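A.B. asks: Mind looking over this structure? Questions follow.
A short reminder: the numbers here are calculations on the coordinates, not readings from a lab. None of the values given here were measured: they were computed from a predicted structure. No Cβ is skipped: glycine too gets one built from the backbone with ideal geometry, and neighbour counts run over all protein chains shown.
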Amino acid sequence: MRLLEDPEWSGWSDREIARRCGVVHAFVNKLRKEFTVHGEQPDEPQSRTYTNRHGSTSTMNVGNIGKTKRE
C-alpha cells in the first residue's frame with residue numbers, strides 16, 4: 001500500500017511493484033483497483049513507468065486503457 005500511496009511509486013507498473021514487494025502482479029492490480037474505486041487516490045497517473053526485460057526503463061500512457069472509442 002505504501003508504494004501505491006506514493007505519488008512517484010504509484011506510477012510504476014503493477015508488475016514492477018509486485019516484483020519489488022515479492023507478490024504476484026494480480027494482487028497489486030486488485031489493490032490498485034480497490035484503492036482508486038474508493039476515491040482515496042483520485043489523481044491516478046496517466047502514465048506508468050516500467051522496466052523491460054533488458055533493464056531499460058520506459059513510460060507507458062495508460063490514460064485510455066479500458067475505455068472504448070466513441071463513434
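A.B. asks: For every other residue with a beta carbon closer than 11 angstrom to the beta carbon of V23, add +1 if it is Lys or Arg and -1 if Asp or Glu, then tell me the sum. Could the numbers behind the result be given before it?
C.D. replies: Numbers: positive: R15, R19, R20, K30; negative: D14.
Here the count lands on +3.
A.B. asks: Please compute the net charge surrounding R53, taking Lys and Arg as +1 and Asp and Glu as -1 over other residues with Cβ under 15 Å from its Cβ. Can you show the working numbers first?
C.D. replies: On the way: positive: R15, R19; negative: E16.
Net of charged neighbours comes to +1.
A.B. asks: Taking neighbour counts of Cβ atoms within 10 Å as a proxy for exposure, in what order, fewest first, do S56, S13 appear? Don't skip to the answer; put the middle values down first.
C.D. replies: Values: S56 8, S13 18.
The order, fewest Cβ neighbours first, is S56, S13.
A.B. asks: Separation between the W9 and F35 pseudo-spin-labels, each 7 Å from Cα along Cα→Cβ, expressed in nm?
C.D. replies: 0.9 nm
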